[in-house]
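Before any comments, here is the structure.
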């Protein structure tokens, strides 16, 4: 069993606005500017009692990852996700609180992190192993496996500075995931490379989790977080907005994005007040999604020109992949009172996270007149296929009978 363990206990981290200065010739002018009030952070209001020009990147963040668990960290840009990883890998130190990871850490928090650009891929493998404290014989025993996994054997004796960012990420991930880490920390590395390499990387991380390795993954690929992680953390403005299952955190995250982007209600006669998934479980690719919507008709409105509409959007790309409405299906809204709509959709899409949006469409004005609730839907793998649409294929193969040999 792995000795790896990750802990974040009441961590706060503050920074100053402007650049960090790690050389004396940069620090002295910066110190003088701060003393005279000319520093780059001057003029900003104090935040939470901090001196002028400082801000909290993390605010009282706590979590724990044990062997066999994978934590996915999600949130908007600037939420503090990368700061968490840099604290775990000891690049930063917390202002308050305690954090750390025990055991040998395999980390990939930057495409070229830890690589010496003038050394070859081969030399960098041994360099990284030495940094992780591995004896040379252990690195040698893993070398062929790392090179094969990276998929760049022809360039292994080429200086890393001539690698593309994708090649660096492939090699970096292969090193981090194969040098027997006790803890694995990854920042967006699973999003680099082609689809085949991404699938291979996810399979490798899943294998490590099953072998009792604690893993922390930061990614904007919500479907990856959903399928890979056992728990999740939603960060927003440096604080923990929600801690729970990946599905819970993703749903809250998408709901927040939807509320920010939602248009004004307008003068619609119809109002959609609620929408829920009837069977609150993940849908199998090619399977049926059932939802129920409830709403009402506003007095004095004209519902005859309106329809209740549904739109399916990929949470990964934001692309609209399907749209339908009561009008298109030959249904008319009542003239007054309350109403409900039951809808069934066959989710002929690849596994991943999707957003189901409801809205009222005014066909007279040709616009959305009311933005209704949105929910997130998780689609899990059914029969394996390639492409963007699940067509539930069926095939039958029959071998021709061999021709009779001539006498």
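The values are calculated or read from the model by the stated rules, or taken from the named source; none is laboratory data. If you're wondering where the values come from, they're calculated on a predicted model, not measured in any experiment. Glycine gets a Cβ as well: all are built from the backbone with ideal geometry, and neighbour counts include every protein chain shown.
Here are some notes:
- Sole residue being over 23 Å from residue 247 (Cβ atoms) and either surrounded by fewer than 17 Cβ atoms within 10 Å (Cβ to Cβ) or in contact with a strand residue (DSSP E or B) (Cβ under 7 Å, 6 or more places away or on another chain) (or both), chosen from 173, 155, 149: 173
- On inspection, residue 339 fails the criterion of being surrounded by 20 or more Cβ atoms within 10 Å (Cβ to Cβ) and more than 22 Å from residue 249 (Cβ to Cβ).
- Yes/no for residue 185 being farther than 17 Å from residue 70 by Cα and either buried (at least 21 other Cβ atoms within 10 Å of the Cβ) or at pLDDT 90 or above (or both): no
- Residues (assigned to a strand (DSSP E or B) and either over 12 Å from residue 172 (Cα atoms) or modelled with pLDDT of 90 or more (or both)) located in the stretch 92-127: 96, 97, 98, 99, 100, 101, 102, 105, 120
- Verdict on residue 130 being out of contact with any helix residue (DSSP H, G or I) (no Cβ under 7 Å at 6 or more places or on another chain), assigned by TED's automatic domain parsing to the domain that holds residue 241 and either in contact (Cβ under 8 Å) with a residue 12 or more places away in the chain or not in a loop (DSSP other than H, G, I, E, B) (or both): yes
- Given (1) under 23 Å from the mean Cα position of the chain (by Cα); (2) surrounded by fewer than 21 Cβ atoms within 10 Å (Cβ to Cβ); (3) part of a strand (DSSP E or B), index of the condition residue 374 fails: (2)
- Residue-level analysis places residue 397 outside the set of residues that are surrounded by fewer than 20 Cβ atoms within 10 Å (Cβ to Cβ), touching a strand residue (DSSP E or B) at 6+ places or on another chain (Cβ under 9 Å) and either part of a strand (DSSP E or B) or not assigned by TED's automatic domain parsing to the domain that holds residue 227 (or both).
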